[in-house]
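Step one of this worksheet: look at the structure below.
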Number of protein chains: 2
Amino acid sequence: MIPTYLGGLAMVNVNMLPACPVETTLTLISDKWKVLIIRDLLDGTRRFSELRRSIGHISQKVLTSNLRQMENDGLVRREVYAEVPPRVEYSLTETGQSLKPVIDAMWNWGESYKAKLAAD
Amino acid sequence: MIPTYLGGLAMVNVNMLPACPVETTLTLISDKWKVLIIRDLLDGTRRFSELRRSIGHISQKVLTSNLRQMENDGLVRREVYAEVPPRVEYSLTETGQSLKPVIDAMWNWGESYKAKLAAD
DNA sequence: CAGTATCCCACGGGATACTG
DNA sequence: CAGTATCCCGTGGGATACTG
């Protein structure tokens, strides 16, 4: 079955991004939930409801909103299957996957921070 | 969030941090300005007003608030010099400096993201 | 199942004034 | 200079109800 691709084009204008690369990254993933969405999608494709469960206590509205923004930013791919009941699968684009080093760095730091606290 | 302060000493309770290390990191640096504060302090010690200028359009109240939290979380060191006019210097603790890989990863990703956009 | 559509609110953050 | 002290506001996000 051929999935329907909706959106998928980056709508971001490079001229409107901050000069500093760090700030650029912040504008794209600094929302409360986006990093967690990426963390979970790094493990592979997920359906909407799967994401909701794996992320934690995120509401439908907010998850939808975040996913749409990330789709517009070219980080996430959304594939709709014409089935009943409907199935929608989310995955990372290449650009989205390229965030792995960032997530990994956050993972490592979080681990060592907790280890340091536990040592006291 | 959910840092606990024991006996007036800055102290985060490891048991109240999220299980996932990525979430732990988010808890500590996901505020709008903290990453930028760290970015600038990675270049060395800065006075309050220097930080204000280098960061951008942050208000006094918010900069103070963020710095206090980061001090409590053990990321930032605050040194007050008994002079007139007063001089207060901020620098990263070892723990704060250990965030460099995270900031670097964000820097690199932001650069390549903009390069990708510019290529289109 | 995967969303919209509403309503609502806490709070991070901005603006301004004042001070040791 | 490096802050407090107030007042104020936009909005990200939560809760609930409804739908193709």
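Take the conditions in contact with a Ser or Thr (Cβ under 8 Å, 6 or more places away or on another chain), within 13 Å of DNA strand D (Cβ to nearest atom) and of a type in the set (Gly, Ala, Ser) and apply them to B:Ser91. Does it pass? So B:Ser91 fits the description; yes. Among the residues of the stretch B:4-20, just one is at pLDDT below 80, closer than 27 Å to A:Arg39 by Cα and surrounded by 14 or more Cβ atoms within 10 Å (Cβ to Cβ), namely B:Val12. Residue count for the stretch A:50-62, restricted to those that are within 14 Å of DNA strand D (Cβ to nearest atom) and under 18 Å from A:Leu99 (Cβ atoms): 2.
Here the stretch A:94-119 is the region considered, the condition is being surrounded by fewer than 18 Cβ atoms within 10 Å (Cβ to Cβ) and more than 8 Å from chain B (Cβ to nearest Cβ), and the residue that is nearest to B:Gly96 (Cα to Cα) is A:Ala115. Can we say B:Glu23 is modelled with pLDDT of 95 or more, among the charged types (D, E, K, R) and not in a loop (DSSP other than H, G, I, E, B)? Spelling it out, it is not the case that B:Glu23 is modelled with pLDDT of 95 or more, among the charged types (D, E, K, R) and not in a loop (DSSP other than H, G, I, E, B).
Checking A:Leu67, A:Leu36 one by one, the residue that is in contact (Cβ under 8 Å) with a residue 12 or more places away in the chain, over 23 Å from B:Pro21 (Cβ atoms), hydrophobic (A, V, I, L, M, F, W, C) and part of a helix (DSSP H, G or I) is A:Leu67 and no other.
Name the residue, out of A:Glu89, A:Glu50, that is away from every other protein chain (no Cβ under 14 Å) and in contact (Cβ under 8 Å) with a residue 60 or more places away in the chain.
When all the criteria are applied, what remains is A:Glu89.
Restricting the stretch A:39-64 to residues that are hydroxyl-bearing (Ser, Thr, Tyr) and in a helix (DSSP H, G or I) leaves a set whose member that is surrounded by the most Cβ atoms within 10 Å (Cβ to Cβ) is A:Ser54. Out of all the residues in the stretch A:60-77, is one or more at pLDDT below 95, facing chain B (nearest Cβ under 10 Å) and within 16 Å of DNA strand C (Cβ to nearest atom)? No. What about B:Ser91, is it among the polar types (S, T, N, Q), modelled with pLDDT under 95 and farther than 21 Å from A:Ala105 by Cβ? No.
The values are calculated or read from the model by the stated rules, or taken from the named source; none is laboratory data. These numbers were taken from a predicted model, which means no experiment stands behind them. Neighbour counts are summed over all protein chains in view; Cβ atoms, including those assigned to glycine, are modelled from backbone coordinates with ideal geometry.
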